[in-house]
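Quick notes on the structure that follows.
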Amino acid sequence: MFRTSNNRITGIGIKHMQVHIFRGPARIFGFTTQSSGQNLPQKYAPWLEFKTVELLKGQHTPGVDANECLCDIETYGVHVTDAHIRITEEAIR
C-alpha cells in the first residue's frame with residue numbers, strides 16, 4: 001500500500017492526504033504527494049507549482065474529485081486531469 005508521512009490509511013485505502021498540485025500545459029493538472037513533483041509524467045512537463053491541499057475521501061473539494069484523486073495516488077502515485085477530466089492512465093503510459 002502507498003504511504004507518506006502525511007497520510008492516514010485505513011483498511012479501505014487512503015482516507016486523508018496532503019496533495020501537491022502542479023499545472024502543466026493548457027488545462028492539465030497533476031496531483032502528487034511529492035512536493036517536488038518529480039514523479040509527474042514528463043510528457044506534460046514543465047510542471048509549475050500551483051498549490052497544496054488536504055484531501056479527505058468523501059469530502060467535496062473544488063476542482064478535483066477527491067475520491068478519484070486519492071485512489072489514483074494510492075494506485076499510481078499520481079493523479080492527472082485535463083479540464084477536470086481524469087486522464088491518469090493515459091498520462092502515465
Quick check on region 49-88: take the gyration tensor over C-alpha atoms, sort the square-rooted eigenvalues as a ≥ b ≥ c, and tell me if it's rounded (a/c under 1.5), prolate or oblate. rounded
Once you put a point 7 Å from the Cα of LYS15 and another 7 Å from the Cα of LEU56, both along the Cβ direction, what distance in nm separates them? 1.1
Filter the trypsin sites (Lys or Arg not before Pro) in region 13-42 to those in DSSP coil with at most 15 other Cβ atoms within 10 Å of their Cβ, and list the result. ARG27
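Share of region 11-93's accessible area from carbon and sulfur, percent, 1.4 Å?
C and S fraction of accessible area: 51 percent.
The values are calculated or read from the model by the stated rules, or taken from the named source; none is laboratory data. No experiment lies behind these values; they were computed from the predicted model shown. Note that each Cβ is placed from the backbone with ideal geometry, even for glycine, and that neighbours are counted across all protein chains shown. We work out accessible area using only protein heavy atoms, side chains counted, and drop any ligands, DNA or RNA first. Shrake-Rupley method; radii C 1.70, N 1.55, O 1.52, S 1.80 Å.
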